[in-house]
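The values are calculated or read from the model by the stated rules, or taken from the named source; none is laboratory data. Since the structure is predicted, the reported quantities are computational estimates derived from the model, not experimental observations. Methodologically, a virtual Cβ is constructed for each residue, glycine included, from the backbone with ideal geometry; neighbour enumeration extends over all protein chains shown.
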Amino acid sequence: MKYFIVGAFGLSMLLSACEKKEAIQLPYEGDKIVVNTLIQPDSVIYIRVTRSVPSNIFDDNGYKDIPDATVTLTANEVALPLQLQVIKGLSYYVSGQKAVLGQQYRVAATAPGLKPVTGTDTLPSPPLVSAAAAQRNSNRVQFTLKDRPGSADYYRIRIYRTDTTNGPATFLLFRLDPAFNNNLVDFFSKGTYNSLIMSDERFNGKSVNFVLQTADPITGSGNITVEVSGLTYGSYQYLSTLSAQNESGNLIAGNPVRVFTNITDGYGIVGGVNTKRMTFKIE
């Protein structure tokens, strides 16, 4: 079995803490193309294409671009134009059209000396969320999620303070409040996290009032944003195993976690995400 780290693109979305690097020798199957894109409706598509490296090599500058790569994007087998853009020093292939529901997106990439790769996914329905609220000087944030019956659904939950001057702050650390969410005991943790990724196995077709317990009390005035994302199976597996890999890396005797990929003959993810944000004043 091989274990690998798929790239800095996904990690930067979830993790923003200091790390202690350990030299861990893991099997490596040779260089492969890494494709990372999380596709959202009503947004252009950003595709990052890099070259993999062994997991015991640490590169603080991120994974290296493949300057001579050829990247294509199709929606329901219709080719969409891509433009190479450099954003904060990193190269992205950016679509000229926004993604829409009901389309199947396929990314293909080739590069000299490496196997061609492909990845495919669709877009999930938007989550049905409402009634977000938080009270000043408490550490509880709550909202209601109405799950769709008869299908497997997947979600990611994040919360952050909203500063109207400087934009969104970092994601707040939180956990499910055990006093209010005893039907979701599988997700309880002694620690806190900056995102919660789950399936609807425990509440399929039901309305659930989520109560999140923040690590620090909510003080002052301003706004808070609760962000709930609907995920496809692929993006759910990728984000949950990526989070598990990070957690195992913080343990002294942690076991390596294989990160999910839907990239044929390569690494990374082509995944669908549909995000609903609820911004409200702290009362």
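Here are the numbers for the structure shown:
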| item | result |
| --- | --- |
| Cross-chain or 6+ apart pairs with Cβ under 8 Å, the range 176-198 first and under 20 Å from Y233 (Cβ atoms), then at pLDDT below 75 | F187/N181; S195/L14; L196/F187; M198/L184; M198/F187 |
| Residues located in the range 62-93, provided they are of a type in the set (A, V, I, L, M, F, W, C) and under 17 Å from D121 (Cα atoms) | V71, L73, A75, V78, A79, L80 |
| Selected residue [among the hydrophobic types (A, V, I, L, M, F, W, C) and at negative phi] from A131, A79 | A79 |
| Qualifying residues in the range 255-283 (those that are among the charged types (D, E, K, R) and not in a loop (DSSP other than H, G, I, E, B)) - the one surrounded by the most Cβ atoms within 10 Å (Cβ to Cβ) | K276 |
